[in-house]
Amino acid sequence: MFMMNVNYRNILQTGQTLWFWLVVFILCVGLDLGALFYQHVLHVYPCELCIYTRVWLFAIALVALLAMFVKTWLPARILMSLSALILALGLALETWNLIVVEYSIGNGGSCAFFANFPEWAPLDKWMPAVFEVQDFCQATPKVFWFISMAHVLALVSLSLIIAFSAALIGDVLSIVNKD
């Protein structure tokens, strides 16, 4: 019987490994590619909130890609873990907005038929096939049985927050334990 010897130190050192950042990168790119599959193949068009979740995932993927190259330098690794944690919190907030729309919580949420990107980064103009809003907000499509895209994003964002928090705590503790 195969057993893994995992303890809290192994978990807190995940940010130091290439595999951690590679898995994060593949997860985020995979989710964005899945959204593009739904958009361009299944013709389930994205709303404003869906586009923002793509941006958050794309940003986390970029941080993960950069972290793969600087993972051996502790200050850069702390910066990458902190940046990724902040981005994961942004993803969680956007996911909450999707949940509000999906379950009509409170006012039910609303969105526009265009993305509010800053003038210096009009992603919807630069890459309209990826970042252009094409529908109004409504319940997200089901991906498995009764599990919707919003449910998947909630699970992913929670998992990323936990993972990046553990990596950041591990890096900070490695500084404290050196003294």
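The values are calculated or read from the model by the stated rules, or taken from the named source; none is laboratory data. Nothing here was measured: the structure is a model prediction, and the numbers come from that model. All Cβ positions, even for glycine, are placed from backbone atoms using ideal geometry, and neighbour counts span all protein chains on display. All accessible areas refer to the heavy atoms of the entire protein, side chains included, with ligands and DNA or RNA removed. Shrake-Rupley method; radii C 1.70, N 1.55, O 1.52, S 1.80 Å.
Structural remarks
- ³J(HN,Hα), Karplus 6.51/-1.76/1.60, whole Hz, each residue of segment 124-132, x for Gly, Pro: 5, 8, 6, 9, x, 5, 10, 10, 8
- The residues packed around Tyr38, meaning those with a beta-carbon under 15 Å from its beta-carbon, carry a net charge of -1 if Lys and Arg are +1 and Asp and Glu are -1.
- Ligands, DNA and RNA left out, the 1.4 Å accessible surface of the chain is 72% carbon and sulfur atoms.
- Distant-in-sequence amide H partners of Ser148 (H built 1.01 Å from N, under 5 Å): Val143
- Per residue, the solvent-accessible area of the chain (1.4 Å probe, heavy atoms of protein chains only, all protein chains present) comes to 60 Å².
- Gaussian network model of the chain, Cα within-10 Å springs - most flexible of Leu57, Leu42, Leu65: Leu42
- Rounded tilt (10° steps) of 149-178 against the dominant C-alpha axis of the chain: 20
- Largest accessible area first, the listed residues Ile51, Ile161 line up as Ile161, Ile51 when surface is computed with a 1.4 Å probe on the assembled protein chains.
- Taking Cβ atoms as reference points and 9 Å as the exclusive limit, the residues near Val133 contribute a net charge of -4, counting Lys and Arg as +1 and Asp and Glu as -1.
- For Leu57, net neighbour charge (Lys/Arg +1, Asp/Glu -1) across residues whose Cβ lies under 15 Å away: -1
- For Phe131, Phe20, the ranking by accessible surface with the largest value first comes to Phe20, Phe131, using a 1.4 Å probe.
- D_trans [Stokes-Einstein, Kirkwood Rh over alpha-carbon pairs] for the chain, 20 °C, 1.002 mPa s, µm² s⁻¹: 123
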